[in-house]
Structures are given as structure tokens and as C-alpha cells.
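The values are calculated or read from the model by the stated rules, or taken from the named source; none is laboratory data. Note that the coordinates shown come from a computational prediction; the quantities given were computed from them, not determined experimentally. Virtual Cβ from ideal backbone geometry, glycine too; neighbours counted across all protein chains shown.
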Amino acid sequence: METFNMIFLIYGIPSCVLYFLVIATVISMRKNFSSSFNTIFLMTAVVNLGTWFNTWLTLRLTVEPFFFWYYYWVMTPEIEWFRNIQQFLVSYFYFAQNACAFLFTINRFTAICMPSQHQVVRYCSQTLWTTWKWPFILVIHLISLSIPLATRWPAIVTYVYDQNTNSFTQKRGSTINVLTAMICYGSVVMAICIAANVYAVYCLLKFRATTKTSKNELSFTLISFSIFLAQTMNISIVILSAIFVYTANGAGSAFLSTITPYTSDIFSLGPPVYTMIVPGPIRNRMRSVVRKTLHLQNSSSSVSKIVTTIPSR
């Protein structure tokens with residue numbers, strides 16, 4: 001296996017395991033959080049894990065001889081529909097991740113900023129998420145789906161074996177339209193999220209930093225803010241990528257191709273890491289479970305040692 005793929009696996013597999021543990025923790029604590037937070041968090045997890053897995057199939061394993069059979073298989077005429085869907089998902093997941101970051105930000109904004117200013121608005125904010133949660137989420141994700149459908153479908157890509165590099169390369173048409181759409185969509189999301197996140201953190205720190213509820217809200221907001229920062233980095237790379245394509249800057253494009261897999265993983269596999277770094281109820285629950293598990297193991301080991309030291313009659 002190539003060295004860089006081994007590096008991806010060294011941090012990728014533990015991050016995926018941690019992600020599943022965080023998901024299990026959130027589900028076990030679902031009554032402690034609002035249903036909108038649970039839904040958005042779990043939806044984000046599905047999108048991020050799907051992005052990570054699809055990236056391996058479409059990009060990273062093209063240099064691994066043991067997986068060449070897969071690219072020969074997807075190039076058969078009968079499987080063209082599957083290859084188109086898989087390549088379309090490469091673009092779609094970018095828009096979906098932006099949508100998740102946007103939903104996270106709006107959820108934190110309504111939970112923090114509106115209640116701190118108007119108690120009546122607080123009631124309306126809760127009604128908004130309990131009554132209109134699914135329509136709002138559906139509209140945002142439909143927008144995120146329709147844009148790549150209009151600019152990238154059909155996502156016709158051909159895998160070609162290169163004997164010189166002993167790997168498969170991708171031959172595709174112009175990506176100008178989808179790159180332009182990615183820049184516009186990402187820039188709008190980034191502008192809204194910057195304003196909402198900064199103001200939400202400001203409200204927490206200035207007005208509500210002493211209550212237990214506000215500390216939990218601060219934890220969730222910092223997690224949301226970390227997710228947004230990672231996505232901002234990805235948006236910046238997309239903008240640079242488009243600039244390099246427009247200006248035919250081969251060296252710049254090659255550099256971005258080198259670092260993009262890592263920056264993509266920071267967003268896709270970052271949320272469980274942020275959750276464990278930022279103090280809050282999710283981290284506390286996971287630490288409590290780990291401590292109890294270790295305590296039970298130590299107790300079991302101690303009992304076993306005592307039993308083995310008792311002389312038999």
C-alpha cells in the first residue's frame with residue numbers, strides 16, 4: 001500500500017471508530033438535547049462518513065493494484081449508471097457538508113441569540129424547530145442537491161490505466177460550471193455562518209456565561225464553530241482550485257491535489273475530535289463510560305487474582 005494511503009488509514013480508522021462512539025453517545029443522551037440538534041448532528045455524521053468512504057473508492061484506491069479490479073468493473077458499460085452516481089456524489093457531498101454546517105449554525109443561533117433577547121421569541125424559536133424542522137432541513141438539502149444536479153449531472157468520468165504510474169487516472173470534461181457553483185454556494189454559506197457564529201459566541205460569553213445551560217450551549221456552539229472553520233478551509237481551497245483552473249496554473253493545481261485529501265478529512269472526520277476536545281456533556285458522558293469500563297475491568301482483574309491465590313482443598 002502507498003505510504004500516503006497508510007497515513008490516511010492510521011488516523012482515519014481511529015477517527016471513524018471515535019465517530020461511531022460519539023454517535024452512540026449522542027443517541028443515548030438524545031433526551032438531554034433538542035430533537036433538532038440530534039437530527040442535524042446525526043445527519044452530518046452520515047454525510048461526513050459517506051464523504052470519507054466515497055473518497056476512498058473514487059480517488060485514493062486508484063493507486064493500489066489490489067483494488068484495480070474495481071475500476072475495471074465500474075468501466076463496464078452495464079455499470080455506467082453506478083459510476084455516474086458515484087462521481088456525482090463527489091460534488092454533491094461538498095454541497096451537503098456546507099448544508100450541514102449551515103444547519104448547525106442556524107440551530108445554534110436560534111437557541112442562543114433569540115432567547116437571550118426576547119422570551120417570546122424563545123418560545124417561537126422552539127416552535128420553529130419542532131414544527132418546521134423537517135421542512136427546513138428538506139429545503140436546504142434539496143437546494144444542495146439541485147445545484148450539483150444542474151452543474152455536474154451526468155457526471156461522466158472515465159478511469160484509464162496508466163502503465164507509467166501503475167495507477168488509474170480520471171478523464172473528465174470541463175468542471176468550470178460546478179466549480180463556479182461551489183464557489184458561489186460556499187461563499188454565501190460562509191458569509192452567513194461567520195456572522196451567525198461570531199454573534200452567537202458573543203452572546204454566550206457576554207450574557208449567559210454563568211449558567212449550566214449556557215455552558216452546554218457554549219460547548220455545542222464551539223463544536224459547530226469548529227465544523228464551520230474546517231469547512232471554511234475547504235471552501236478556500238475550492239476557490240483557489242478554480243483560480244488555478246482559470247489561469248491554467250498546473251503547479252498550483254498539483255499542490256492543492258496533494259493537500260486536499262487531508263483538508264477534506266479534517267472536515268469529514270473532525271467532528272468527533274472536536275467533540276472530545278471541547279468540554280461539554282457529550283465528552284463528559286464518554287469519559288464517564290470509559291472510567292466505569294476501566295473500573296469494572298480492574299475490579300474483575302482483582303477478583304480473579306484473589307480467586308487464584310486461594311489454595312484449593
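If you take the residues in the range 267-313 that are under 30 Å from Phe53 (Cα atoms) and part of a loop (DSSP other than H, G, I, E, B), which one is modelled with the highest pLDDT? Taking the candidates together, the pick is Leu269. Only one entry of Thr130, Thr158 meets the criterion of being hydroxyl-bearing (Ser, Thr, Tyr), under 30 Å from Glu2 (Cβ atoms) and surrounded by 11 or more Cβ atoms within 10 Å (Cβ to Cβ), and that entry is Thr158.
This table checks each residue for (1) hydrophobic (A, V, I, L, M, F, W, C); (2) part of a strand (DSSP E or B); (3) in contact with a helix residue (DSSP H, G or I) (Cβ under 8 Å, 6 or more places away or on another chain).
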site: Val160; (1), (2), (3): yes, yes, no
site: Asn164; (1), (2), (3): no, no, no
site: Gln170; (1), (2), (3): no, yes, yes
site: Asn177; (1), (2), (3): no, no, yes
site: Ile183; (1), (2), (3): yes, no, yes
site: Gly186; (1), (2), (3): no, no, yes
site: Val189; (1), (2), (3): yes, no, yes
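Restricting Ile40, Ile23 to those that are modelled with pLDDT of 85 or more, under 18 Å from Leu138 (Cβ atoms) and either surrounded by fewer than 16 Cβ atoms within 10 Å (Cβ to Cβ) or within 17 Å of the chain's Cα centre (by Cα) (or both) reduces the list to Ile40.
Scanning the range 51-85 for residues that are within 18 Å of the chain's Cα centre (by Cα) and among the polar types (S, T, N, Q) gives Thr51, Asn54, Thr55, Thr58.
Are any of the residues in the range 74-97 surrounded by fewer than 19 Cβ atoms within 10 Å (Cβ to Cβ), over 30 Å from Glu2 (Cα atoms) and not aromatic (Phe, Trp, Tyr)? Yes. Among the numbered conditions (1) surrounded by 13 or more Cβ atoms within 10 Å (Cβ to Cβ); (2) closer than 28 Å to Arg283 by Cβ; (3) modelled with pLDDT of 85 or more, tell me where Asn216 comes up short. With respect to (1) surrounded by 13 or more Cβ atoms within 10 Å (Cβ to Cβ); (2) closer than 28 Å to Arg283 by Cβ; (3) modelled with pLDDT of 85 or more, Asn216 is out only on (3).
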